[in-house]
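Structure record follows, encoded as structure tokens.
Throughout, read-outs are computed from the coordinates displayed, never taken from laboratory work. Here the structure is a predicted model, which means the values were calculated and not measured. When we count neighbours, we look across all protein chains shown, and the Cβ atoms used for this are built from the backbone with ideal geometry, even at glycine.
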Amino acid sequence: MQGLTIAEVSEQTGLSAHTLRYYERAGLLTPPDRGTNGHRRYSEQDLGMLRILTRLKATGMSIAEMRQYAELCRIGPGTYESRRVLLEEHRQQVLDRIAALRTDLELIESKIKFYAEGDTRDLPRP
């Protein structure tokens, strides 16, 4: 049987073996085929799903939403519209977080400039 070992997938994705097993238990990843020795053998399709799940998690998608996305993928092409809607909603959440971070960054930048210019008006007085 061909396929990637859990160690190889871990190396390629940056996910630990523990995380890969968790993703199976949580319903995020279809349990991979097993070799004659009983060890997991991941396909390129599994690797692709892990890559998208990693990006969704990194952008703040909840495990429940990731599970929903994975389930829609398993069902097949008839779920493209539902997947698109789910990803559009997530995109808006990401855009909202980016906007909030930009506002936070502007405040930080103004404080850096403030201190670089030697202004001490907001420091506590003895």
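About its Cα centre, the dipole of the stretch 42-94 is roughly 120 debye, where the only charges are +1 on Lys and Arg Cβ and -1 on Asp and Glu Cβ.
Other residues whose C-beta falls under 10 angstrom from the C-beta of P32 contribute a net charge of 0, scoring Lys and Arg +1 and Asp and Glu -1. In loop segments of the stretch 62-122 as defined by DSSP, the trypsin sites (Lys or Arg not before Pro) with at most 15 further C-beta atoms inside 10 Å of their C-beta are R121. Using only side-chain charges placed at the Cβ, +1 for Lys and Arg and -1 for Asp and Glu, the dipole size of the chain relative to its Cα centre rounds to 280 debye. Among D46, D96, sorting on how many other beta-carbon atoms sit within 10 Å of each Cβ, with the fewest leading, yields D96, D46. Between helix 44-58 and the chain, what is the angle of the helix's C-alpha long axis to the longest principal axis, kept within 0 to 90° and rounded to the nearest 10? The helix 44-58 is inclined about 20 degrees to the chain.
Dipole orientation for the stretch 6-116: of the candidates A17, A58, V85, A17 has the Cα lying most toward the positive pole (charges on Cβ; Lys, Arg +1; Asp, Glu -1). Relative to the longest principal axis of the Cα atoms of the chain, the long axis of helix 63-75 makes an angle of roughly 40 degrees.
In this label model, R97 and T30 are separated by 2.8 nm, measuring between points 7 Å along each Cα→Cβ vector.
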